[in-house]
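The numbers here are math on the coordinates, done by the rules we state, and not lab data. Source: prediction; values computed, not measured. All Cβ positions, even for glycine, are placed from backbone atoms using ideal geometry, and neighbour counts span all protein chains on display.
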Amino acid sequence: MRQRRGAQLGPLPAGSPRRQAGVALLALLTLLTLWGLYLVVAELNTTQFLLARKQATGTALAQARQALVGRAAGDNSRPGSLPCPAIDENGVAPNFVGIHCPTYVGRLPWRTLDVGELRDDAGQLLWYALAPALRDHPNAMPINFETVPELRLDGAPNVAAIIFAPGVPLAGQNGRPGNAVADYLDGSNSDGDNDFVSGPQSAAFNDTVLAVTRDDVFRVVNQRVLGEVRARANNASLPDHGLRGYQALNGSFPAADGDNDGLADAGVTAGRLPYRDLSFSVSVSTWLTANHWWRLLNYTQLSACLARIGIVGSTATMDVAGASPPCP
């Protein structure tokens, strides 16, 4: 008996419905794959864009803080002081009204600080709040390590200044461009008191905030004070060069002041700085005296060729080596 073979199917005709359906399915899968890749790339680009904008704001805030701290440390008559906030986009710290700033919340005085127009990711110039205790007026209270700035951020005290990136305008902030605080800063940041907040971010709050703390300021100011007391140069040999000048002229560092009269007391090795036995330039002596720094300076005579100075209440210290020769 002959065995029947199954019928063999040949290739489908080009125009058959089954072949057309397969081609359409392949095209659809390709299209979906490409669309998925597009969405992934678009999401990555959006994320990268947002991160770049956030980074731009952070960079501007950090540059502003660095400029303010540098300005505080380098002031010629009141180290630790800061300029008044600018009252407009020109970025110039305004003249005082009496002994006070015209405002203690305003634009960052970018021109006075010589930092250029620092802007956030929305293209807005930075804003700035200043603690009144640190204003740079010669008749204001002295500024030294004991000065307590009045600002608070999120309830934390001892804030010297606060820098704000205002971001895009929110509902009700219709006065831009302008100089009204409430058109740029949100919530309690625009109410005129000394308490400020950093968040939370919401539809009603988009300020980005960076604090300049008391420690930020006096960490560098203290070192400047100690440097002036030590000497103006590594190999000081003139009497207007603080401790190094004294040691170079006398062959030894002075004894310490044991009774707070500013004079060295024989046999006393640890106490206050005997500043009345030292010589300084007129400008340095003037601002150290006017800002009551002398009583805040600890001093230890470690040997004829080595002394140590520090700030009362601070961890800031500096070892002072004698001039060479005769010291090693």
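Worth pointing out:
- Spin-label model distance (nm) - Val312 vs Ser77, 7 Å beyond Cα toward Cβ: 2.6
- Remark: region 75-85, residue by residue, has Karplus-estimated 3J(HN,Hα) of 4, 7, 10, 9, x, x, 7, 9, x, 5, x Hz, where x stands for each Gly or Pro and the curve is 6.51 cos²θ - 1.76 cosθ + 1.60 at θ = phi - 60°.
- For region 47-120 versus region 160-227, the gap between their alpha-carbon centres in whole angstrom: 11
- Amide H contacts of Val212 (H built 1.01 Å from N, in plane; Pro and chain starts excluded): Ala160, Ala161, Ile162, Ile163 sit under 5 Å, all sequence-distant by 5 or more or on other chains.
- Prolate/oblate/rounded call for region 231-321, Cα gyration tensor, a/c under 1.5 rounded: rounded
- Percent of Cα-Cα distances greater than 20 Å, calculated over region 45-214: 49
- Asp277 paired with Ile87, simple spin-label distance in nm, labels 7 Å along Cα-to-beta-carbon: 5.2
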